[in-house]
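The values are calculated or read from the model by the stated rules, or taken from the named source; none is laboratory data. Since we're looking at a predicted model, the values are computed, not measured. No Cβ is skipped: glycine too gets one built from the backbone with ideal geometry, and neighbour counts run over all protein chains shown. In case anyone asks, the SASA skips ligands and DNA or RNA and just uses the protein heavy atoms, side chains included. Shrake-Rupley method; radii C 1.70, N 1.55, O 1.52, S 1.80 Å.
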Amino acid sequence: MNKYHPFNFSHTLKCLAVLMIFFGILGIGNAQTLLKVKEIKIQGNESISDGKLKSQMNLREPGFLPFFKGGSEFNARILKLDRAAVRKYYERKGYVYAVVTDSFEIVNKKEIIIHLTVSEGKRVTIKEINIRGNDLIADTEILRMFESKLGSPLNPYLLRKDLAAVRTAYQNRGKPFAQLQNILIGDEDVIVVIDVKENDTVFIDSIIVQGTSKVIPNLVRRELSFKPSEKYSISKIEESQKRLFETGLFSNVLITAIRTDTVNRRLNLIISVRERRMKQIGGEFGFKQRKIANSTTTTTDFNIVAEWYNRNLFATGRLIRFKGNISAGISDISSGETGFEVSYTEPWIFGQRAPTTFRTFIEREQLKEPDIPLIRFGADIAVYKKYSEQFSTRLSQGITITRVSSIDSAVADSLKLFESRQRSINLLLINDKRKNIFFPTNGSLLSFDMKYAGGFLGGNSDLYRAELSWSRYQPFLLNKSWTLSTRIKSGLIKSFGDTKEIPFFDWFFLGGGTSVRGYKDQDLRDFKISKEIIVSEIYKLSTNVELRIPLLWRFGAELFLDGGNLWQELGQLSPARMRYAGGAGLYFMTPMGPARLDYGYKLNPADGDNTSRGRLHFGFLFAF
């Protein structure tokens, strides 16, 4: 029999109260997520402007443009992080005693005003730097490593970076256990004392390779920059780790040091690797820039690739690859390309780490203007050598047979088209100091591309070509988050011997999304193409200036000025005879690089140029 329980009013009230508090908290949380930052007020900052301090914060005030109308969504945790970021900014400027506090007030039940109160304190400068305990590395050499200078504001973060640089220098000279610490003496003008404890010089005893089953351990050892009995060097260890990754044989490489003999100051290096799958069928698709035929002109295609490869042929680290591709052109140059190639790569040759690739290929391409089906097949050998992190060379020699068929004879005559059998040597020198090749914000790229065809090599196409290109990337003076990019390119190509004119597919071309925007692809030159004109030499000069501006999320904008021209005589080459175009564009950062849409407008078209002065260009990756 069920017992009757009287209604407990007090218990019910307690339950209701708990539920109200629970949902009240949720309500406050939801309300907080809807609050927008109306204004950020900063008080007490005398040495640093409001704008510079606000630029350190994630929370933002409303913007001026319509799509920037609302301020940031308020979050108390982010406010704490912003307060720490502002204080860190002060510390970097030498205000190591700065104190920053925060508070906020809710207005109109929908907006928040944030208050930051700053007590800057004294600005601390470096009066003197004293170094103690160092024998192996002299004071003068250590001070050259320092970015902190006498008379400059004390930046604790920069000082830590300086100590790390000195510690690395010791680790590169056989002292992996060197210890450094700094002591500050003084209040406003401080003396920085660096205490160094160098400890023992250590040598490598044994090198132990672990984790190999398909790869011969000697293939690992030949990639190492260090040997037994050498002094320990952290830079050689890092270089060796990178070289092992570059072989393509390993998905993970870890090099650890174990001290085995403290008396004789020796240690073992354990190299632990994880092997990749050696035989694989793969594929990829996406937008890609490629060169047209034998020329230096690039075009953007949507490309689909299928391949099979064995990266450890006969357990020797050699690579064999079978690759097929099909692409659809999105420019005015080409409708696309289909191709197939077989390649074999020998990673070491004549005892040198110089990957050498033997390749045979066949390609079919349908050009748009002129409407020409182009078939190319041949073979080549290329030797790649990397001398440093920035400088590399690529030397190649090959034979390429070009055939053109199924075209109107009038078209062939007007363009001086003919089938060619070209034997050539190419040398490419590259000095690449960019930190990020897809979105460079600093550094430079210098390249020199040379080609010699025919002559003593044989074939029916005798010419030489050289092209020099230099690009520079740097933060914009007025806003460091913007990137100012500049490029200048020059080149010449000339026929000799029995070749009276340059084959059309070896020409320089200008115009299009990667050279001079506003002009149609391949449409910019200072001379006309006709039956009466024999093109036996071409000279090239082009310039580009582009300002890249990050906007919202992954979007950004570009402002650019392009210029260039092609001439048949060296005496005609002049900046005054160049054609210029300016414009703007938008880009979107994808995992594979930026996709962009640019609009270029001709500023000084040539007399008789009746084509449209404006043109849209779609491209993948930046123009340069």
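With +1 on the Cβ of every Lys and Arg and -1 on the Cβ of every Asp and Glu, and nothing else charged, how large is the dipole of the chain about its Cα centre, in debye rounded to the nearest 20? Please report the intermediate quantities before stating the final value.
Values: 89 positive and 66 negative charges, 335 e Å.
It comes to approximately 1600 debye.
Given in Å, the Rg to one decimal and the Dmax to the nearest whole number for the Cα atoms of the range 238-327 are 20.2, 65. In the chain the Cα-Cα distances spread across 20 Å bins starting at 0 as 14, 35, 34, 15, 2, 0 percent of all pairs.
Straight Cα distances below 20 angstrom link Lys489 to the lysines Lys291, Lys433, Lys451, Lys520, Lys540, Lys602, with same-chain residues fewer than 8 positions distant left out. Membrane-span-like helices in the chain (whole DSSP H runs, Cα extent of at least 27 Å along the helix axis, mean Kyte-Doolittle hydropathy of at least -1.0): 9-34.
Explain nothing, just the number: relative contact order of the range 129-188, from Cα pairs under 8 Å at least 6 residues apart, as a whole percent. Walk me through the numbers before you get to the answer.
Working: 28 pairs, mean separation 14.0, N = 60.
RCO, the range 129-188: 23 percent.
With the simple model of a label 7 Å out from the Cα in the direction of the Cβ, Phe618 to Lys227 spans 5.7 nm.
With a Förster radius of 25 Å applied to the C-beta separation of Arg577 and Lys385, the computed FRET efficiency comes to 0.05.
Per-atom-type breakdown for the range 516-624 gives carbon and sulfur 60% of the accessible area (1.4 Å probe, protein chains only).
Overall, the anisotropy analysis places the range 71-140 in the prolate class: the square-rooted eigenvalues a ≥ b ≥ c of its C-alpha gyration tensor yield a/c not less than 1.5, with a/b exceeding b/c.
Run the helix sum for the chain: -39,500 (n - 2.57) per DSSP H stretch of 4+ residues, divided by residue count, reported at 222 nm to the nearest 500 deg cm²/dmol. It would help to have the intermediate numbers written out before the result.
Working: 8 runs with 95 residues, N = 624.
Mean residue ellipticity, 222 nm, calculated: -4500 deg cm²/dmol.
Modelled spin labels at Ala76 and Lys41, positioned 7 Å past Cα toward Cβ, are 2.1 nm from each other.
When the Cα positions of Phe314, Pro153, Ser229 are compared along the charge dipole of the chain, Ser229 comes out farthest toward the positive end, with charges on each C-beta of Lys, Arg, Asp and Glu. Amide H contacts of Gly44: Val118, each under 5 Å away and 5 or more positions distant or on a separate chain (H built 1.01 Å from N in the peptide plane; Pro and chain starts excluded). Dividing the mean sequence gap of close Cα pairs (under 8 Å, 6+ apart) by how many residues the range 240-392 holds gives a relative contact order of 13 percent.
The slack between Ala354 and Lys52, meaning 0.36 nm per residue of separation minus the straight C-alpha distance, is 103.8 nm. Contact order, relative form, for the range 486-573: 34 percent (alpha carbon pairs under 8 Å, 6 or more residues apart, mean separation divided by residue count). Rolling a 1.4 Å probe over the heavy atoms of the protein chains gives the range 472-624 an accessible area of 47 Å² per residue. Over the range 199-314, accessible surface divided per residue gives 53 Å², non-protein components excluded, 1.4 Å probe.
Couplings for the range 398-404, taken from phi via the Karplus curve 6.51 cos²θ - 1.76 cosθ + 1.60 with θ = phi - 60°, read x, 10, 10, 9, 10, 10, 10 Hz in order; Gly and Pro are left as x.
Give me the percent of the accessible area of the range 226-314 that comes from carbon and sulfur atoms, probe 1.4 Å, all protein chains in place.
Numbers: 2510 of 4790 Å².
Carbon and sulfur together cover 52 percent of it.
Taking the charge dipole of the chain about its Cα centre, with +1 at Lys and Arg Cβ atoms and -1 at Asp and Glu Cβ atoms, the residue from Leu616, Phe391, Met57 reaching farthest to the positive side is Met57. Label-to-label distance, Leu559 versus Lys480, with points set 7 angstrom from Cα along the beta-carbon direction: 2.1 nm. The slack in the chain from Asp195 to Asp261, taken as 0.36 nm per residue of separation less the alpha-carbon distance, amounts to 21.1 nm. Considering only Phe496, Trp507, Leu547, the residue lying farthest towards the positive end of the dipole of the range 476-550 is Leu547, judged by Cα position with unit charges set on Cβ.
Within the same chain, lysines fewer than 8 places from Lys197 are excluded, and of the rest, those with a Cα less than 27 Å from its Cα are Lys127, Lys149, Lys161, Lys175, Lys227, Lys231, Lys236.
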